[in-house]
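**Student:** Would you mind keeping the following structure in view while I ask a few things?
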Amino acid sequence: MPLLEVQRISKSFEGFRALTDVSLAVEEGALYALMGPNGAGKTTLFNVITGRYTLDSGRVVFAGQDISRTRTHRIIHYGIGVSFQRAIPFPSMTVLENVTLAVLALNRKTRDFARPLLSYRQAAKRAEEIIAWVGLDHLKRQVTAALPQGDLKRVDIALALASNPRLLLLDEPLAGLSRPERVQMVSFIRELLRSLGITLLFTEHDTEAVLQLAERIMVLHRGAVLAEGTPTEIRSHPGVQEAFLGSEA
Amino acid sequence: MTLPFFFLEFMTGLASAASLFLLAVGLSLIFGALGIVNFAHGSFFVLGAYFLFALTRGDAAGFWHYLLVALAASLVLGAVVERVFMRRVLNRAEHYQILLTYALLLIIEDVSKIFFGPEYKSIGMPKGFEMPVLVLGIPFPSYYLGLVGLAAVAALMLWLFLHRTHYGTLVRAVTQDREMLEALGVNVPLLFTLIFALGIGLAGFGGAVSLPLQSISTGVAVDSVISAFIVVVVGGLGSIWGTLLGAILIGEIQAFGALVLPEFSIAFTYALMAVVLLFRPWGLLGRRPAVRT
Amino acid sequence: MKVKLAVAAVVLAVLPWFLQDYGLQVAIQALVLAGFAMAFNLLFRNTGLLSFGHAACFGTGGYATALLVSKLGWNFAATLPLALVAAALVSLLIGFFSVRLTKIYFTMLTLAFAQMLWAVVHKWYGFTGGDNGITSLLPSGLLGNPKGLYYASLISLAVVSAIIHVVRRSPAGYTLRAVRDNPARAEAIGISAFEYMVAAFVLSGTLSGLAGFLQVAWQHSAFPDLFYWTTSAEVIIAVILGGGSEFFGPVVGAVVLVVLEAVVRSHTQYWPLALGFVLLAMVLFFPSGVISLFHRRQREEAPRAAA
């Protein structure tokens, strides 16, 4: 059984059909990419899966459970970690505070109003562990507002990892990074998730990066599925070539 | 309640609506184009009335002569205020804009007291409207009808300006996409000055023509700006017809509310504002959604 | 910081013995407004929500007390718990409906609710006395004499500050700021923005009710203007004038505002004019508030010290 199944999702906004009958299946352990130009529907699909938008028809099933109607803030409790487009960490807090908060959120302790945040030793230790995974241990006491883009992305991933996910959902994780930073980030993500055994579904419109990182790719065009397969298959797919690869800078 | 009485009450409500429209439409324009919530808007409304009173020395014979002067003075004042003050807070957090306009409210309040004195000022019916007309057999102040006519003409002229002139199109465009206009080489700061001046001019004009209707003092500024907010919120921030609809609704609620439950007629208008914000925050005829996803 | 706090505490503790009657009254006013401002800033600084309806909570606290004392003959101090409950309920109602709107619409709705309440209180002669208000409320005991009221207000301010400090450092406090910083990211890590913002509103409103209680105890009366929008404006001014992004900014702002008013009013009736100019100057020249003026001086002095 696939870990995540999207079954025939359709979504319209005031007459505009953003998604038409989109289905995909992500196997456990896969590095799956959702590709397509701006406006293809990648982010819409992403937002439907994560509960930010309500779907018009279809189902989203995670590990056998129907999460079609689940709202965003409950998603993490199913074992899904999420990072939205341009969703940078919380700038007023340090890296450690950011991740500790996320850990506490998972443990439903964010309602506590009496003890200081960092006095929750277990949560803080777990946060430090995650921060070490993303290689930012030396920055843990830095306020995130002061960090450069590349490090911010790592903190963002750390926040998503704090949910103890089996599946990580990243929307345009490479946005805003320069070419060399992208290359770094791609290998960083691949190794990290391999070592943690986490499945990844991400959206991206930088085709080179996608072809390097992903094991399986789905291409969306104007809200519908254009192609689906391995990077090699996608690379040689006539429709995809015509639509994108030829025009990619 | 007989039909003539009902109709007259309705007409009275329309007269209030006319005054409210002129007061509020400038606020709506300013918010739509500049994004500024002008807490001093009622102050400029009152200033327009003070200008007229001072120019005519309280004698309604000079009403029409000096009305245009009062309008011009308001336009100029608006332009100056925008250039000197508003410009500096355009891109800052809203609470600075609110504080700036509130500061203007305070300053205008006391300056008015100093220049014009703290007493209530009123004026008689203007030339040509001294006699009441008979509406369905009952005497009714003819100026009320005149005021409704004035407001209707103003609304029409405003619409024509916004939809049929070059500058009007720019004004509407800047409400939608300021950056695009800048990229196209339009002098947006000048446009802002013009829009703000127009908004304040309309408020001042509204205050001046409303003077025969209600006597004014500086305290009116504080109440009227809230009335303007209600009208604009109900009608839709940034929409002229919305402001007109809002003004009519509020005017009629106040007129009929005063008959039915005089104690709470004002509470009704706030309740309407709350209801609109709860179910249709962008107003009855407005456009932008405001609810968190 | 701790040293400054200790010094301030000592000064405030002994101040009444150095003040004349009038000075003491001014001090009490300042403390009450300071408490109100701290309560307001709990919401504003931590959620970014600018409420123009806090007068509703403030006024509810005051009127609850006034009504219980005047109509049921209760002891002033005994009314406090009920005043807080009333303020909490009003905050819950307003917050629940307003919080789902963003920015200016939130502000407008809080304004609408507060004005509704004002309109009702203002006209309901039968129950609230309408615009005649409720007068001749004379507290007995501690609250009845100026020094006692001063200490009550001081302790109240201390308690409010302590609560805010504890909440800010706690997970709930961080959660609020996460929602303020980046609502989408907060949702993604499992936080439901709505309930936290409502909770913050309720706490903020309840503590505002406490200020309202003290205000009525000091004024010996309650008038509808406690609910009017200019009261909401006053607390916003106090916070921003002082510096909303510093912990004690609101206190500084409240003290400056009250003392300035007392001084100006003793020389002229044109206090609004003076305040208008002060606000203009602030917006144009020191937008981070009065407290930022102290920091600037520190920064200017430091290089000299190092040299």
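The values are calculated or read from the model by the stated rules, or taken from the named source; none is laboratory data. Because the structure is predicted, anything quoted here is derived from the model rather than measured. Don't worry about glycine lacking a Cβ; one is built from the backbone with ideal geometry, like all the others, and counts go over all protein chains shown.
**Student:** Within region A:91-119, how many residues are more than 7 Å from chain C (Cβ to nearest Cβ) and free of Cβ contacts under 8 Å to residues at least 60 places away in the same chain?
**Tutor:** Quick first cut of region A:91-119, residues more than 7 Å from chain C (Cβ to nearest Cβ) only: A:94-96, A:98-100, A:103, A:107-108, A:118-119.
Keeping just the survivors that are free of Cβ contacts under 8 Å to residues at least 60 places away in the same chain gives A:94, A:96, A:100, A:103, A:107-108, A:118-119.
So the answer is 8.
**Student:** Tell me which residues, restricted to region A:182-210, are among the small types (Gly, Ala, Ser) and buried (at least 16 other Cβ atoms within 10 Å of the Cβ).
**Tutor:** Within region A:182-210, the subset among the small types (Gly, Ala, Ser) is A:187, A:195, A:197, A:209.
Hit for region A:182-210 is A:Ala209, nothing else.
Let's see how each residue does on (1) more than 14 Å from chain B (Cβ to nearest Cβ); (2) buried (at least 19 other Cβ atoms within 10 Å of the Cβ); (3) under 30 Å from C:Lys103 (Cα atoms); (4) polar (S, T, N, Q):
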{"position": "C:Thr128", "(1), (2), (3), (4)": "no, yes, no, yes"}
{"position": "C:Leu149", "(1), (2), (3), (4)": "yes, yes, no, no"}
{"position": "C:Ser156", "(1), (2), (3), (4)": "yes, yes, no, yes"}
{"position": "C:Arg168", "(1), (2), (3), (4)": "yes, yes, yes, no"}
{"position": "C:Thr175", "(1), (2), (3), (4)": "yes, yes, yes, yes"}
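**Student:** Just to be sure I understand, how many residues within region C:180-189 are under 17 Å from A:Asp156 (Cβ atoms), more than 7 Å from chain A (Cβ to nearest Cβ) and modelled with pLDDT of 90 or more?
**Tutor:** Residues flagged as under 17 Å from A:Asp156 (Cβ atoms), more than 7 Å from chain A (Cβ to nearest Cβ) and modelled with pLDDT of 90 or more within region C:180-189 amount to 1.
**Student:** Okay, moving on. Could you identify the single residue in B:Glu82, B:Glu94 that is surrounded by fewer than 21 Cβ atoms within 10 Å (Cβ to Cβ) and closer than 30 Å to C:Phe106 by Cβ?
**Tutor:** Result: B:Glu94 is the single residue among B:Glu82, B:Glu94 that is surrounded by fewer than 21 Cβ atoms within 10 Å (Cβ to Cβ) and closer than 30 Å to C:Phe106 by Cβ.
**Student:** Could I ask something else about it? So which residues in region C:1-52 are in a helix (DSSP H, G or I), hydroxyl-bearing (Ser, Thr, Tyr) and within 24 Å of C:Phe106 (Cα to Cα), if there are any at all?
**Tutor:** C:Thr47
**Student:** Of the conditions (1) surrounded by fewer than 21 Cβ atoms within 10 Å (Cβ to Cβ); (2) within 9 Å of chain A (Cβ to nearest Cβ); (3) modelled with pLDDT of 95 or more, C:Ala162 satisfies every one except a single condition; which number is it?
**Tutor:** (2)
**Student:** Residue under question is B:Gly206, and the condition is that it be within 14 Å of chain C (Cβ to nearest Cβ), crowded, with 24+ Cβ neighbours inside 10 Å and touching a residue at least 12 places away in the same chain (Cβ under 8 Å); does it hold?
**Tutor:** Taking the combined requirement at face value, the residue does not satisfy it.
**Student:** Could I ask something else about it? Go through region C:50-72 and give me each residue that's surrounded by fewer than 24 Cβ atoms within 10 Å (Cβ to Cβ) and within 20 Å of C:Val179 (Cβ to Cβ).
**Tutor:** Scanning region C:50-72 gives a single hit, C:Leu50.
**Student:** Of all the residues that make up region A:1-60, how many are over 25 Å from C:Arg185 (Cβ atoms) and crowded, with 22+ Cβ neighbours inside 10 Å?
**Tutor:** 1
**Student:** Do we have B:Glu179 as among the charged types (D, E, K, R) and in a helix (DSSP H, G or I) here?
**Tutor:** yes
**Student:** Being at pLDDT 90 or above and surrounded by fewer than 18 Cβ atoms within 10 Å (Cβ to Cβ) is true for just one of B:Glu263, B:Glu179, B:Glu252. Which residue is that?
**Tutor:** Selected residue: B:Glu252, the only one of B:Glu263, B:Glu179, B:Glu252 that is at pLDDT 90 or above and surrounded by fewer than 18 Cβ atoms within 10 Å (Cβ to Cβ).
**Student:** Hey, could you check region B:256-275 for residues that are in contact (Cβ under 8 Å) with a residue 40 or more places away in the chain and over 18 Å from the mean Cα position of the chain (by Cα) and say which is nearest to C:Ile94 (Cα to Cα)?
**Tutor:** Filtering first and then ranking leaves B:Leu272.
**Student:** Restricted to region C:136-157, and to residues that are modelled with pLDDT under 90 and hydroxyl-bearing (Ser, Thr, Tyr), which residue is farthest from B:Ala267 (Cα to Cα)?
**Tutor:** The qualifying residue farthest from B:Ala267 (Cα to Cα) is C:Ser140.
**Student:** Looking only at residues in region B:97-142 that are part of a strand (DSSP E or B) and not basic (Lys, Arg), which one is surrounded by the most Cβ atoms within 10 Å (Cβ to Cβ)? Don't jump to the end; show me each part of the working.
**Tutor:** Our first condition is that a residue be part of a strand (DSSP E or B); within region B:97-142, this holds for B:121, B:133-135, B:138-140.
From what's left, not basic (Lys, Arg): B:133-135, B:138-140.
Numbers: B:Val133: 14, B:Leu134: 9, B:Val135: 16, B:Ile138: 13, B:Pro139: 11, B:Phe140: 19.
Here the residue is B:Phe140.
**Student:** Let me ask another. Quick one: A:Gln122 ticks every box in (1) away from chain C (no Cβ under 11 Å); (2) closer than 30 Å to A:Val186 by Cβ bar one, so which box is it?
**Tutor:** Here A:Gln122 clears every test but (2).
**Student:** Sticking with this one: Is region A:163-181 home to any residue that is free of Cβ contacts under 8 Å to residues at least 60 places away in the same chain and in contact with a strand residue (DSSP E or B) (Cβ under 9 Å, 6 or more places away or on another chain)?
**Tutor:** Taking region A:163-181 and keeping what is free of Cβ contacts under 8 Å to residues at least 60 places away in the same chain, we get A:174, A:177-181.
Now narrow it down to the ones that are in contact with a strand residue (DSSP E or B) (Cβ under 9 Å, 6 or more places away or on another chain): A:174.
Yes, that holds for at least one residue.
**Student:** Further, regarding this structure: Could you tell me which of the residues B:Gly238, B:Gly242 is assigned to a loop (DSSP other than H, G, I, E, B), crowded, with 24+ Cβ neighbours inside 10 Å and not basic (Lys, Arg)? Even if it seems obvious, please write down each step before you answer.
**Tutor:** Details: B:Gly242 fails: assigned to a loop (DSSP other than H, G, I, E, B).
Testing whether each residue is assigned to a loop (DSSP other than H, G, I, E, B), crowded, with 24+ Cβ neighbours inside 10 Å and not basic (Lys, Arg) leaves just B:Gly238.
**Student:** Hey, any hits in region C:192-202 for a residue that's modelled with pLDDT of 95 or more, part of a helix (DSSP H, G or I) and farther than 30 Å from A:Ser163 by Cα?
**Tutor:** For region C:192-202, residues modelled with pLDDT of 95 or more, part of a helix (DSSP H, G or I) and farther than 30 Å from A:Ser163 by Cα: absent.
**Student:** I'd like to check which helices (runs of 4 or more DSSP H) are fully inside region A:158-249 and have at least 2 residues that are in contact with a Leu (Cβ under 9 Å, 6 or more places away or on another chain) and among the hydrophobic types (A, V, I, L, M, F, W, C).
**Tutor:** Output list reads A:179-196, A:207-213, A:238-243.
**Student:** Can I ask one more? Just give me the residues in region B:37-58 being among the β-branched types (Val, Ile, Thr) and modelled with pLDDT of 95 or more, in sequence order.
**Tutor:** Correct list: B:Val46 only.
**Student:** Let me confirm something: among A:Arg86, A:Arg71, which residue is over 17 Å from C:Ile191 (Cα atoms), among the charged types (D, E, K, R) and within 11 Å of chain C (Cβ to nearest Cβ)?
**Tutor:** A:Arg86
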